[in-house]
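The values are calculated or read from the model by the stated rules, or taken from the named source; none is laboratory data. Fair warning: this is a prediction, and the values are worked out from it, not measured in the lab. As a convention, Cβ positions derive from the backbone with ideal geometry for all residues, glycine included, and neighbour counts pool all protein chains shown. Each accessible area value is taken on the protein alone, full model and side chains, heavy atoms only, with ligands, DNA and RNA left out. Shrake-Rupley method; radii C 1.70, N 1.55, O 1.52, S 1.80 Å.
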Amino acid sequence: MDPMSELVHYEIRDQVAVITVDNPPVNALSPGVPEAIEAAVSRAAKDPQARAAVLIGAGSTFIAGADIRFFETIASRESSIERSHAIHARLAHIENCSKPLIAAIHGTALGGGLEFAMACHYRVAVPAAKVGQPEVLLGIIPGAGGTQRLPRLAGAAMALEMCTHGQHIPAERALAEGIIDRIIAGDLLSGAIAFALEKAQSGGVRKSREIEEKIQPRAAALAACTKTREALGKTARGARAPYAAVEAMEAAIELGFDAGSAREIEIFADCVLSTESHAMVKLFFAEREVAKIPDVPKDTPTLEIRSAAVVGAGTMGGGIAMNYANAGIPVLLKEVTQEALDRGLAIIRKNYQSSASKGRISQQQMDRALSLITPTLTFDGFDSVDIVTEAVFENMDLKKTTFADLGRVTKPDCILASNTSTLDIDEFARASGRPAKVIGTHYFSPANVMKLLELVRGSETSKETIATGMKIAKKLNKIGVLVGNCFGFVANRMVAYYMREAYLLLEEGASVQQIDQALVHFGMPVGPFGMQDIAGIDVGARIRQYLRSIGKERSEGPQSVVPDWLFDMGRYGQKTGAGWYHYEAGSRTPIPDPLIDDLARKAAAERCVTRRAMTDEEIVARITTALANEGANILDEGFALRPGDIDVMYVHGFGFPRHRGGPMYYADTVGLKTVLDRVHRYRAEFGDYWHPAPLLEQLATAGGTFYGRSRESRPRELAQRSH
Ligand code: 3H9
């Protein structure tokens, strides 16, 4: 059989050629697919039985874009340009078809998929379909004419929005904007065939490259580009691809279709070879790989979660309950006192009201979510729920008592989850009497917003419990990442090093504002001190207090006294109106506070540190080196399965810039030898608390990278805490 006909099928239905792309799972434009589509269109043009043609996708979607796996094979600017010219020529050929050619869209038409659809003469779609140019999320721009045809169909403003943000546009809006021409409510293929015959009857072929009205007057279209570029100054934070998309769009408006396309091809080549794109492509696959746990096969049985309960209605407990309600799962929310319960419910209500007032949810959605949360002061009803999440204070004795209660009041197959961010889950799992059912589910603040769910595997957690945990993450619209049971697990263990370095930089002479701004400039949404003012200075202070009470010290090195001083002063951050910054009543705008410099000076004097001026580069280098070095320890000890798992956690839990790939990929791009040299230099300068991680030493010496580390040398199972 012709291999091309396996990827793209051709048949005649009701005098219309039906060209079906069949390249599971998402009909990506892998090698052979564009060629086969072009050949099928040529065949339809010559086929006396065909009056028109329909391009459609087999399975669950239309074409979801280029095959991203092949980007890594583009070795040079010249080869990228050559490939792009070939694809542009194919699309021109398709667009020149003398018979009406209709793209019939279901699922998603993304990237190259939408570009193929736009080279067709018309587009129809089912109501649930979505279209988009998400290339910017991969650090590139549309490379097959998207920046040239989309503004001609939808106008510059809409095309700019889509190409700089990468969001998926629902069919109804796509219709209103002129990207598609009809919504088909019934059977898509039948509707598309009927539409094609209508166009064959009226003799209509319309080439989007020839439409000019929507980008006229030029001055207005160019003004939209300038406005977008200005807005990106606030949102793109160091990424290049969104600006590149604007540049290509300007070429579309100023130079006309052919010269504009040539410019797009050049800009695409620059982007696809950039570190930014390599980082984002790695992250795309890492985000999908986290779901694959080597010793927990895909077909591991899972428990159906129909109802849930949460113990503790504080900030985290309330947010966790909202997650279940948002997913349509009824949830019991338990507190010890009526007062605490009322307080928790009031915060939940306020959160929903704020979303409703911003138009993010409707009143109806808010009412439904609230009706799914049942407040309670007892364990009544806990015997029928499928999962309980404990979100009580971070105190081992309290957790043990709670898990002993839960073991007693829940049914034997109920999953017992803990929101602990640091404690040894094995210790309280045993107290439940059912450790196989116990798993850590560590949410990130605000729990109803942040995408990351850190799942912690205890020594006795069963595979079924893990598989169910991963399924719950998906159901709650989170990215679940499974990690091992070490102190702070992976997320907070690394954050401790991140914060250590930020505190020490402050004592050594940088200001809170300089450190935060350096990190924001690097691409973080907020710097370390701003972040801590949001999360609460009290959280870390209480963990330090707890550790001291059991005679343990934190392992990450010198502990600055400044955060503890702030805690003693009642400066917990935004919630108390002051922390590292000062906040006016009702405002979240951080105002620098000279008091912090005084405290830093005092702490520096106590530790005999000489204060000095510091560059932003040193700040970023010290902080990111601390993260990567500890990440290497975590990988080496086997508490994370892959470097990508750590990166996904940092991007989704802490807003590490996607275009840098995450702390581990970023270290790879800096070069592990440079990172190791820095660790040695810092050790000589600041002290022995800078230990080079053995894995970093090993890879740097061998000229390797974290991502290039061979699969054989990676752990197949997560490590367990030594007791
Ligand atoms: C582009 O088009 C450039 C052009 O302008 C120029 C060139 C012509 N390639 O996400 P899922 C895999 S750039 C290769 O779990 P869902 C994915 O890795 C591209 N593989 O499913 C996974 O594999 P596995 C622009 C791909 O239902 C499996 O498919 N397009 C691709 O949750 C299922 O994926 C995009 O950026 C791909 N393009 O979501 C779209 N896409 O099972 C990227 C998916 O082994 N894709 N895979 O882990 C998506 O956004 C989502 O996958 C989609 C489905 C919404 C389509």
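If packing is taken as the average number of other Cβ atoms within 10 Å across a peptide's residues, how do 696-704, 59-67, 206-214 rank, most packed first?
Values: 696-704: 17.0, 59-67: 22.7, 206-214: 15.4.
Most protected by this proxy first, the peptides run 59-67, 696-704, 206-214.
For S98, S307, S445, give me the order by solvent-accessible area with a 1.4 Å probe, most accessible first, ignoring ligands, DNA and RNA.
Largest to smallest exposure gives the sequence S98, S445, S307.
Calculate for the chain the 222 nm mean residue ellipticity that helices alone would give, adding -39,500 (n - 2.57) per DSSP H run of length 4 or more and normalising by residue count, nearest 500 deg cm²/dmol.
-15500 deg cm²/dmol
Which distance in Å, rounded to a whole number, links the C-alpha centroids of segment 610-646 and segment 284-318?
Comparing the Cα centres of segment 610-646 and segment 284-318, I get a distance of 27 Å.
In whole angstrom, note down how far apart the Cα centers of segment 207-245 and segment 27-87 are.
27 Å
Starting from one equal scatterer on each C-alpha and no solvent at all, send me the Debye-based log10 I(q)/I(0) for segment 4-273 at q = 0.16 Å⁻¹, two decimals.
-1.19
Can you pull the three principal axis extents for the Cα set of segment 432-583, in Å, largest first?
51, 37, 26
Amide H neighbours of I169 under 5 Å, counting only residues 5+ apart in sequence or on other chains, H built in-plane at 1.01 Å?
HN-HN under 5 Å from I169: V131, G132.
Counting only protein heavy atoms and using a 1.4 Å probe, what share of the accessible area of segment 308-483 belongs to carbon plus sulfur, as a whole percent?
52 percent
Any chance you could list the semi-axes, whole Å, largest first, of the equivalent ellipsoid that the Cα gyration tensor gives for the chain, using √(5λ)?
Output for the chain: semi-axes of 48, 31, 25 Å.
Roughly how much of Y243 is accessible, in Å² to the nearest 10, using a 1.4 Å probe?
Only protein atoms counted, so the area is about 70 Å².
Considering only protein heavy atoms and a probe of 1.4 Å, how much of the accessible area of segment 151-198 is carbon and sulfur, as a whole percent? Spell out each step's value before the answer.
Details: 970 of 1720 Å².
It is 56 percent, rounded to a whole number.
Leaving out ligands and nucleic acids, and using a 1.4 Å probe, what accessible area per residue does segment 491-713 come to in Å²?
Spelled out: the 1.4 Å probe surface of segment 491-713, per residue, equals 41 Å².
Amide H neighbours of V8 under 5 Å, counting only residues 5+ apart in sequence or on other chains, H built in-plane at 1.01 Å?
D22
Amide H neighbours of V54 under 5 Å, counting only residues 5+ apart in sequence or on other chains, H built in-plane at 1.01 Å?
Excluding prolines and chain starts, which carry no amide H, the hits are A17, V18, I19, I102.
Taking only Cα atoms of segment 1-145, what ratio of Rg to Rh do you get with Rh as the Kirkwood inverse-distance radius?
0.95
Could you calculate the FRET efficiency of A605 with Q720 from 1/(1 + (r/R0)^6), where r is the beta carbon distance between them and R0 is 45 Å, rounded to 0.05?
0.55
What pairs in K358/K575; K334/K358; K437/K471; K334/K399; K334/K475; K99/K199 have C-alpha atoms more than 18 Å from each other?
K358/K575; K334/K358; K334/K475
Taking the solvent-accessible surface of protein heavy atoms with a 1.4 Å probe, what is the per residue accessible area of segment 252-336 in Å²?
39 Å²
Got a sec to turn the phi values of segment 662-675 into Karplus ³J(HN,Hα) couplings, 6.51 cos²θ - 1.76 cosθ + 1.60 with θ = phi - 60°, whole Hz, x for Gly and Pro?
With the stated coefficients, segment 662-675 comes to x, x, 7, 5, 4, 4, 4, 6, 5, x, 5, 5, 4, 4 Hz.
For segment 491-713, what is the relative contact order in percent, using Cα pairs closer than 8 Å and at least 6 residues apart in sequence?
So the answer I get is 22 percent.
Per residue, how large is the accessible surface of segment 102-187? Use a 1.4 angstrom probe and give square angstrom.
24 Å²
Quick one: compute the contact order of the chain, relative version, from alpha carbon pairs under 8 angstrom and 6+ residues apart, as a percent.
Numbers: 1362 pairs, mean separation 66.2, N = 723.
Relative contact order of the chain: 9 percent.
Carbon and sulfur: what percent of segment 656-708's accessible surface (1.4 Å probe)?
The C+S portion of the solvent-accessible surface of segment 656-708 is 50 percent.
Per residue of segment 520-532, what does 6.51 cos²θ - 1.76 cosθ + 1.60 with θ = phi - 60° give for ³J(HN,Hα)? Whole Hz please, x for Gly and Pro, Karplus curve as stated.
5, 4, 5, x, 6, x, 8, x, x, 6, x, 4, 5
Determine, at each q value in 0.11, 0.12, 0.17, 0.24 (inverse angstroms), the log₁₀ of I(q)/I(0) that the Debye formula gives when each Cα of segment 308-415 is one equal point scatterer.
-0.34, -0.40, -0.76, -1.33
What is the distance in Å between the Cα centres of segment 323-364 and segment 421-456?
What the calculation gives is 21 Å, centre to centre.
Can you list the HN-Hα couplings for segment 14-25, worked out from phi with the Karplus curve (6.51, -1.76, 1.60; θ = phi - 60°), rounded to whole Hz and with x for Gly and Pro?
6, 6, 10, 6, 9, 9, 10, 7, 10, 10, x, x
Calculate the translational D of segment 491-713 in whole µm² s⁻¹ from Stokes-Einstein, where the hydrodynamic radius comes from the Kirkwood formula applied to all Cα pairs, the temperature is 25 °C and the viscosity 0.890 mPa s.
It diffuses with D of about 136 µm²/s by this estimate.
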